[in-house]
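Visitor: Pasting in a structure now, in structure tokens, and then I'll have a few things to ask.
Since every read-out is calculated from the coordinates, none of them should be taken as a lab result. Keep in mind that this is a model prediction, so the values were computed, not measured. Neighbour counts run over all protein chains shown; Cβ positions are idealised from the backbone, glycine included.
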Amino acid sequence: MNTPVYPVRWQDNRVLLIDQNRLPNEYTHVEISRVEDMAQAISTMIVRGAPAIGVAAAYGMYLGAREIRTTDRDEFLMQLIEIGRMLRATRPTAVNLFWAIDRMEDTARNWSGSVAEMSGQLLIAAQKINAEDIETCQAIGAHGLMVLPSSPERLCLLTHCNAGALATAGYGTALGVVRSAWTQGRLARLYADETRPRLQGAKLTSWECVQEGIPVTVIADSMAAHCMKQGLIDAVVVGADRITANGDTANKIGTYSLALIAKAHQIPFFVAAPRSTIDFSLSDGSLIPIEERHPSELYQIGETIICPPGVEFYNPAFDVTPAHLIQAIITEFGAFSPAEIIDLKHISV
Ligand code: MRU
């Protein structure tokens, strides 16, 4: 299969989500017609990845809005904000979720037509967020290509988690850079960290690469330093869930250690993310809320319990890479040093 992957799709009056919990063994879709089901799909990670959950939440807002029965404008907005509250409670770290909900609420607030037309406008707004994200990722891919090391001619890149088409509306951020390197003949191989505990690298990034014939080697997270020392890695490219005004970056747990070992081996470390992932309201990464997920992600693999009873667990889903470990943040507006991203503050998306 070499067809584009769209994890969130509007079709026949409902949303189709690729069920990412079933990949790579099953490629199936879940149909979502109600906002409650969308909220559930986001928390259970049927849909995941910062931009993708933003797009999913935008459609969720519409699904909720179309069930509002009032002709009173203020009442409509109040109910819409309640719907937003439900979606906001699903996952705390990726700021794209909150960005998309804010944008949907603004659409309703700024609509000067009748209340009856409001939900139709919200569908248009959600579709716009969806379409824009694909273009944004393609632009990130093109800009990323410009900042990758110029030698060797064909690079070996390392990524963590899945920042691919599955994590966006399509194409991907970090994997967008990998895709453009591949299509331009600049990629020799992608190394994909398996990404414990949920294995997004082993299950999802490798799946995307196989669909497109991109050479991929999956490694356990603990093997990255060894691979770097052996000279197997030319650059690291990862996605982001929230970037603060100073360039600190929250991404999947394990990203911080990857940045540290990349620094130790003088390997450039890049973050690829849309402007909508930058949260200028937070001055630094210590302020980013870090999601903690259920310990079963650590003690259970499939049906098998791998730890003895009586053990305690700590399962943060994200960590924060300090800005000084990041060579450049690749956005749809170009690649910037972490100190320069403040220049993007005036661009509203
Ligand atoms: O917990 P997940 O799978 O939603 O985490 C995903 C990541 O950390 C991605 O790297 C990030 O969202 C960027 S996706 C383009």
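Visitor: How do the peptides 49-55, 124-130 rank, highest first, by the average count of neighbouring beta carbon atoms within 10 Å per residue?
Guide: 49-55, 124-130
Visitor: Assuming 0.36 nm per residue, please report the length gained on full extension of the stretch Met146 to Ser43 beyond their Cα-Cα distance.
Guide: In short, 33.5 nm is gained.
Visitor: Let me ask you something else. Just subtract the alpha-carbon distance of Arg88 and Asp284 from 0.36 nm times their residue separation and send over the number in nm, one decimal.
Guide: 68.4 nm
Visitor: Now, a different point. Above 12 Å lies some portion of the pair distances; for the stretch 236-284, what is it as a whole percent of all C-alpha pairs?
Guide: Here the long-distance tail beyond 12 Å is 61 percent of all Cα pairs in the stretch 236-284.
Visitor: Also, I was wondering about something else. Using only alpha carbon pairs under 8 Å that are at least six residues apart, calculate the relative contact order of the stretch 1-141 and give it in whole percent.
Guide: 22
Visitor: Determine, for Val30, Val177, the number of other Cβ atoms within 10 Å of each Cβ, and report the residues in order from fewest to most.
Guide: Val30, Val177
Visitor: Highest GNM mean-square fluctuation, the chain, Cα pairs closer than 10 Å: which of Thr136, Thr44, Thr249?
Guide: Of the options given, Thr44 has the highest mean-square fluctuation.
Visitor: What order do you get for Phe318, Phe269 when you list them from fewest to most C-beta neighbours inside 10 Å?
Guide: Ascending Cβ contact count within 10 Å gives the list Phe269, Phe318.
Visitor: Follow-up. For Ile347 and Ile124, calculate 0.36 nm times their separation in residues minus their Cα-Cα distance, and state this gained length in nm to one decimal.
Guide: This chain segment gains 78.1 nm when fully extended.
Visitor: Divide by every residue of the chain the summed helix terms, -39500 (n - 2.57) for each DSSP H run of at least 4, and state the resulting mean residue ellipticity at 222 nm, rounded to the nearest 500 deg cm²/dmol.
Guide: Dividing the helical sum by the residues of the chain leaves -11000 deg cm²/dmol.
Visitor: Peptides 308-316, 237-245, 203-211: what's the order by average Cβ count within 10 Å, highest mean first?
Guide: Per-residue mean Cβ counts within 10 Å order the peptides as 237-245, 203-211, 308-316.
Visitor: Using DSSP to define loop residues, name the trypsin sites (Lys or Arg not before Pro) in the stretch 27-78 whose beta-carbon has at most 10 other beta-carbon atoms within 10 Å.
Guide: When the trypsin sites (Lys or Arg not before Pro) of the stretch 27-78 are filtered for loop state and at most 10 Cβ neighbours within 10 Å, Arg69 remain.
Visitor: Now, a different point. Identify, among Trp99, Asn21, Leu63, the residue whose Cα sits farthest towards the positive end of the charge dipole of the stretch 8-135, taking +1 on the Cβ of Lys and Arg and -1 on the Cβ of Asp and Glu, with the dipole about the Cα centre.
Guide: Asn21
Visitor: Would the stretch 8-135 count as rounded, prolate or oblate if I go by the C-alpha gyration tensor, calling it rounded below 1.5 in a/c and otherwise prolate when a/b exceeds b/c, oblate otherwise?
Guide: prolate
Visitor: If I build a Gaussian network model for the chain, linking alpha-carbon pairs within less than 10 angstrom, which residue out of Leu287, Leu260, Leu175 has the largest mean-square fluctuation?
Guide: Leu287
Visitor: Would you compute, for the Cα atoms of the chain, the largest minus smallest coordinate along each principal axis and list the three values in descending order, in whole Å?
Guide: 66, 51, 42
Visitor: Percent relative contact order of the chain, based on C-alpha pairs within less than 8 angstrom and at least six residues apart?
Guide: Normalised by residue count, the contact order of the chain is 16 percent.
Visitor: A further question follows. Using a 10 Å cut-off around each Cβ, can you sort Ser276, Ser286, Ser112 from fewest to most neighbouring Cβ atoms?
Guide: Listing Ser276, Ser286, Ser112 from fewest to most nearby Cβ atoms yields Ser112, Ser286, Ser276.
Visitor: Which loop-located GluC sites (Glu not before Pro) does the stretch 1-99 contain, where loop means any DSSP state but H, G, I, E or B and the Cβ has at most 13 other Cβ atoms within 10 Å?
Guide: Taking the stretch 1-99 and a limit of 13 other Cβ atoms within 10 Å, the loop GluC sites (Glu not before Pro) found are Glu26, Glu67.
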